[in-house]
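Working notes, beginning with the structure itself.
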Amino acid sequence: MNSIGEDCNDLKKQYDACFNSWFSGSFLKGQTDDSACAPIFKIYQECVKRAMREQKIELREIETDYTTGGEYDNNNSSSSSTGSNKS
């Protein structure tokens with residue numbers, strides 16, 4: 001899958017390769033220090049933020065989808081058994 005910004009694709013590939021290497025080589029062996037990929041992630045994240053600004057995509061619009069989903073809240077078990085309350 002490509003990145004949201006075409007100029008971020010190479011950075012995404014680099015980060016994905018780093019993450020996959022860390023996940024299989026370290027995390028699955030119980031080593032949870034994920035700092036090895038932090039530098040490339042920061043650069044990639046800035047590229048994505050820039051692309052979002054250029055495309056006029058506001059992060060709060062995306063975050064709303066994840067923070068208002070009451071049916072996924074474990075503390076509210078009745079909403080998960082009754083289905084979605086969204087229209």
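The values are calculated or read from the model by the stated rules, or taken from the named source; none is laboratory data. This one's a predicted model, so the numbers in the text were calculated from it and none came from an experiment. Here the Cβ is made from the backbone with ideal geometry for all residues, glycine too, and neighbour counts use every protein chain on show. Keep in mind that these areas ignore ligands, DNA and RNA; they rest on the heavy atoms of the full protein, side chains included. Shrake-Rupley method; radii C 1.70, N 1.55, O 1.52, S 1.80 Å.
List of remarks:
- Pairs with Cβ under 7 Å, 6+ apart, first in region 1-30 and in a helix (DSSP H, G or I), second open to solvent by 50 Å² or more (accessible area, probe 1.4 Å): ASN9/ASN2; LEU11/ILE43; TYR15/PHE41; CYS18/ALA36; TRP22/ASP34; TRP22/ALA36
- Each residue in region 29-51 was checked for being under 14 Å from the mean Cα position of the chain (by Cα), of a type outside the set (A, V, I, L, M, F, W, C) and surrounded by 13 or more Cβ atoms within 10 Å (Cβ to Cβ), and 3 pass.
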